[in-house]
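Enquirer: Sending over a structure as structure tokens; questions will come in a sec.
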Amino acid sequence: MKRSTVNDIIRDADTFIRSFGYIMPPFAYWSPEEMKARRQDSSAIFSSRLGWDITDYGQGKFSDLGLFLFTVRNGRYEDMKKGMGMLYAEKIMISRKDQLSPMHRHNIKAEDIINRGGGRLVLELFMHDRDGGIDPKAEVSVPVDGTIHRLPAGGLLKLDPGQSVTLLPGVWHAFWAEGKDVLIGEVSTVNDDLTDNVFREPIGRFADIDEDVAPLHLLVSDYEKWVG
């Protein structure tokens, strides 16, 4: 993806998010220079990988295959092992109309996916087999706001604004917006996008950036290169 495209997506996303009354944390608007200057006193932003995250999964077709995310808070896996501390994470995301977030699952993360507004959020769901792959036959059972919904393998769950679904580790899922762009909330156990995403197809988690202009704001995938 071109950095100019990433910058435009950030601007558009900020406007869309604000239209629903959701206000981003102040660090969202720090310049790259301020991020570097705050490296020491704001180390948790970097270690927990908080911030902007825009991906085309390395495929170069963001409008068809991609997702906007912003990680607002995130704990540490070390605390999960101890069973105490910051064991949770929160994201705000945008799925554009008919834009696919591809089929994947998590080994550790349990998550609530919440339709915060816009169109319908459609999820295609499968259970996992004993080897962790997709079970093409098993019925899918997931709670939607506390009420169990049962679907055939590969069934489509459609969430209207205000509805949410809980996905436990191992549940395969892909999703997209239907009708209009959707603002998505995610509340989960600790999130690790470096190691805890298993995709059905051999694709990457992060975009490759073509630096045609300077970054408006850094992405989480920029931190190591730009901040260290």
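The values are calculated or read from the model by the stated rules, or taken from the named source; none is laboratory data. Bear in mind the structure is a predicted one, so any value in this text is a computation, not a measurement. For neighbour counting, all protein chains shown are included, and Cβ atoms are generated from backbone atoms with ideal geometry for every residue, glycine included. Surface accessibility is based on the protein's heavy atoms, side chains included, excluding ligands, DNA and RNA. Shrake-Rupley method; radii C 1.70, N 1.55, O 1.52, S 1.80 Å.
Enquirer: Filter region 105-154 down to the residues that are among the aliphatic types (A, V, I, L, M), in contact (Cβ under 8 Å) with a residue 60 or more places away in the chain and not in a loop (DSSP other than H, G, I, E, B) and list them by number.
Expert: Listed by number, the residues that qualify are Ile113, Ile114, Leu121, Ile134.
Enquirer: Having 3 or more residues that are closer than 19 Å to Arg205 by Cα is the bar; report the helices (runs of 4 or more DSSP H) wholly within region 1-57 that clear it.
Expert: Those helices (runs of 4 or more DSSP H) span 3-18.
Enquirer: Considering only region 104-112, I want to know if a residue exists there that is open to solvent by less than 50 Å² (accessible area, probe 1.4 Å), closer than 16 Å to Ser188 by Cβ, in contact with a Phe, Trp or Tyr (Cβ under 8 Å, 6 or more places away or on another chain) and not hydroxyl-bearing (Ser, Thr, Tyr).
Expert: yes
Enquirer: Looking only at region 12-29, filter to residues that are farther than 10 Å from His217 by Cβ and of a type in the set (D, E, K, R); which one of those is least open to solvent (accessible area, probe 1.4 Å)?
Expert: Asp12
Enquirer: Take Thr166 and decide whether it is open to solvent by 20 Å² or more (accessible area, probe 1.4 Å), β-branched (Val, Ile, Thr) and out of contact with any strand residue (DSSP E or B) (no Cβ under 8 Å at 6 or more places or on another chain).
Expert: Answer is no for this residue.
Enquirer: Return the residue satisfying two criteria in turn: it lies in region 203-219 and is hydrophobic (A, V, I, L, M, F, W, C) and open to solvent by less than 60 Å² (accessible area, probe 1.4 Å), and of such residues it is farthest from the chain's Cα centre (by Cα).
Expert: Within region 203-219, the match that is farthest from the chain's Cα centre (by Cα) is Leu216.
Enquirer: Separate question: Restricting the search to region 68-85, which residues are open to solvent by less than 70 Å² (accessible area, probe 1.4 Å), part of a loop (DSSP other than H, G, I, E, B) and in contact (Cβ under 8 Å) with a residue 12 or more places away in the chain?
Expert: Gly75, the sole residue that qualifies.
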